[in-house]
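Since the structure comes first, as structure tokens, the remarks are kept for the end.
None of the figures in this text is laboratory data; all of them are computed from the coordinates on show. As the structure is a prediction and not an experimental result, all values here were calculated from the model. Here Cβ is always computed from backbone atoms with ideal geometry, including for glycine, and neighbour counts include all displayed protein chains.
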Amino acid sequence: MILEPLAVPGGTPDALPEPLLLELTGLYRSDPAFQRISGDFPDPDDIRPEQVAASLSGELEPPSAQVLLAREGHRLVGIATVLAEHPDPDDPDPWIGLLMVHGQEQRTGYGRTLAGLVEDRLRAAGHSGVRLAVLEDNRRALAFWSSLGYRVIDHREDRRLHRPCTVMRKDLHPA
């Protein structure tokens, strides 16, 4: 698996090449159960390219944000968004904002691999830990992140939609 940063022409996801936007839309559509939990799209069974572009635009709003595309060969198998700096100045860790694997590729190891590659990038950048927030209704994600060594450090609402979340952290020991 390789990670490639999403190159955003003109600084806006609206300008993404149509084939890439359609590929990303397919990824988002592939897991309607997650989309129902997240509430990010009005109709999780009818996600449209312009909605995906708007979602990515929101993910890329903070200056330290990066969207990483996970590819196996030429196939898009996942996506991760990373905030190098959290908006809270008292929070020293980078954050994983989203890690999503294509619905047809789940339970094949891609999620673990993608998480590990993101952690490796953060470790190489000199970070000693990483945080993320999991929607409290997403039991499958809580189990996944716990199995990777993340531990619960807080419970609070997310900053954007005020949904109840479990905040988790993992120490990034040198490799």
| said: With the cut-off at 1.5 for a/c, could you classify the stretch 50-133 from its C-alpha gyration tensor as rounded, prolate or oblate? | reply: oblate
| What is the stretch 60-126's relative contact order, in percent, from Cα pairs under 8 angstrom and six or more apart in sequence? | 24
| message | Taking the Cα centroid of the stretch 26-44 and of the stretch 47-115, what is the distance between the two, rounded to the nearest whole Å? | response | 14
| task | Report the relative contact order of the chain, percent, no decimals, based on alpha-carbon pairs under 8 angstrom and at least 6 residues apart. | result | 17
| query | How far, in nm, would the chain grow between residue 148 and residue 50 when pulled straight, counting 0.36 nm per residue and subtracting the alpha carbon separation? | reply | 31.9 nm
| said: For the stretch 116-175, I need the span (max minus min coordinate) of the C-alpha atoms along each principal axis, in Å, sorted largest to smallest. | reply: 34, 23, 18
| At a Förster radius of 45 Å, what calculated FRET efficiency corresponds to the Cβ-Cβ distance of residue 162 and residue 7, to the nearest 0.05? | 0.90
| said: Could you give each residue of the stretch 27-42 its phi-based ³J(HN,Hα) in whole Hz, using Karplus coefficients 6.51, -1.76, 1.60 with θ = phi - 60°, and x for Gly or Pro? | reply: 4, 5, 6, 5, 9, x, 4, 5, 5, 5, 5, 5, x, 6, 10, x
| Which of 146, 84, 132 sits closest to the plus end of the dipole of the stretch 77-160, meaning its Cα is farthest towards the positive end, when Lys and Arg get +1 and Asp and Glu get -1 on the C-beta? | 146
| query | Which net charge results for the neighbourhood of residue 32, defined as the other residues with beta-carbon distances under 13 angstrom from its beta-carbon, given Lys and Arg at +1 and Asp and Glu at -1? | reply | -3
| said: Quick check: convex hull of the Cα atoms in the chain, volume per residue, rounded to a whole Å³? | reply: 117
| Which whole-Hz couplings ³J(HN,Hα) result when phi for each residue of the stretch 124-135 is put into the Karplus expression 6.51 cos²θ - 1.76 cosθ + 1.60, θ = phi - 60°, listed in order with x for Gly and Pro? | 4, 7, x, 7, 9, x, 9, 10, 7, 10, 10, 4
| Computed log₁₀ I(q)/I(0) - Debye formula, equal Cα scatterers, no solvent, the stretch 1-64, q 0.19, 0.25, 0.28 Å⁻¹ | -0.76, -1.14, -1.26
